[in-house]
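The values are calculated or read from the model by the stated rules, or taken from the named source; none is laboratory data. Since the structure is predicted, the reported quantities are computational estimates derived from the model, not experimental observations. Positions of Cβ are generated from backbone atoms using ideal geometry, with glycine treated the same way; all protein chains shown enter the neighbour counts. Quick note on the areas: whole protein, heavy atoms, side chains included, nothing else; ligands and nucleic acids left out. Shrake-Rupley method; radii C 1.70, N 1.55, O 1.52, S 1.80 Å.
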Amino acid sequence: MKPEDIKLTDLSRIFIGDIPPVFYLELIIRALFIYILLIVSMRLMGKRMASQIGRTEMAAVASLAAAVGIPLMNPDRGLLTGLVMAMAIVLLQLWVAKKSARNEKFENISQDRIEPLVRDGVMDLKKMRQNRITKQRLFAQLRTSKQLHLGNVRMLYLEANGLFSLLLQEKPQPGLAIIPKSDAKFLERHCSQTEVPVCNSCGFLAKETQQSDKCPHCKSTKWTKAYVENNSV
């Protein structure tokens, strides 16, 4: 099509295009074939494709979408092209899944590692920066798990698929509050402030360290008071 043939008033070209009307009937057949192909492909690649998927599964889904898109909309491309590409993607994904199950090193390369972001109430700021996780996002995740301060957290993992896994302390200890300052009344209603200093940067709970000293974990000099929940005071 030449540039001079493009007109905003050409509604037939805009809505119908330059294909014969009979191709719309063919589209129904193509769409049905592609739909069945995707269902079969996802079924062959396992149950993880229907749950929280990892990097390799996400790459497989994106590749399948690209593979089936061309024969679906392009009248001069046969469906066999999409079928061959889809089967190649399925076989590759099955090989990656099988290899990952047998080789932990290969799994770490293909799926990424599980990263501990909080350990015994203390945030690992370095790993958070590496994974581009801000304190605001981490605190929000903990608040969705009904936590009010870091003292309740034994471990918080960032899983390979991007989800968070939370393990709680058997005996909660004082910790850095994770409630926004704008909602201080809520914090005071459910928690009590202690005299124990806690690092305002990483949540390290000081025992013998004075507030004027640097935090031994993150070297910050900003300290605040730790909190405990009222029912644990």
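In the set (1) farther than 15 Å from residue 122 by Cα; (2) touching a residue at least 24 places away in the same chain (Cβ under 8 Å), the condition left unmet by residue 155 is number (1).
Scanning the stretch 96-137 for residues that are among the acidic types (Asp, Glu) and modelled with pLDDT of 90 or more yields 120, 124.
Would a scan of the stretch 27-34 turn up a residue that is at pLDDT below 75, open to solvent by 60 Å² or more (accessible area, probe 1.4 Å) and either touching a Pro at 6+ places or on another chain (Cβ under 9 Å) or in a loop (DSSP other than H, G, I, E, B) (or both)? No, every residue in the stretch 27-34 fails to be at pLDDT below 75, open to solvent by 60 Å² or more (accessible area, probe 1.4 Å) and either touching a Pro at 6+ places or on another chain (Cβ under 9 Å) or in a loop (DSSP other than H, G, I, E, B) (or both).
Taking the criterion of being surrounded by 16 or more Cβ atoms within 10 Å (Cβ to Cβ), modelled with pLDDT of 90 or more and either under 29 Å from the mean Cα position of the chain (by Cα) or of a type outside the set (Lys, Arg) (or both), would at least one residue in the stretch 181-188 satisfy it? Steps first, answer last, please.
Restricting attention to the stretch 181-188, the residues satisfying the condition of being surrounded by 16 or more Cβ atoms within 10 Å (Cβ to Cβ) are 187.
Within this subset, residues satisfying the condition of being modelled with pLDDT of 90 or more are none.
No, there is no match, as no residue in the stretch 181-188 is surrounded by 16 or more Cβ atoms within 10 Å (Cβ to Cβ), modelled with pLDDT of 90 or more and either under 29 Å from the mean Cα position of the chain (by Cα) or of a type outside the set (Lys, Arg) (or both).
Would you be able to tell me the number of residues in the stretch 121-133 that are open to solvent by 70 Å² or more (accessible area, probe 1.4 Å) and under 16 Å from the mean Cα position of the chain (by Cα)? Counting residues in the stretch 121-133 that are open to solvent by 70 Å² or more (accessible area, probe 1.4 Å) and under 16 Å from the mean Cα position of the chain (by Cα) gives 3.
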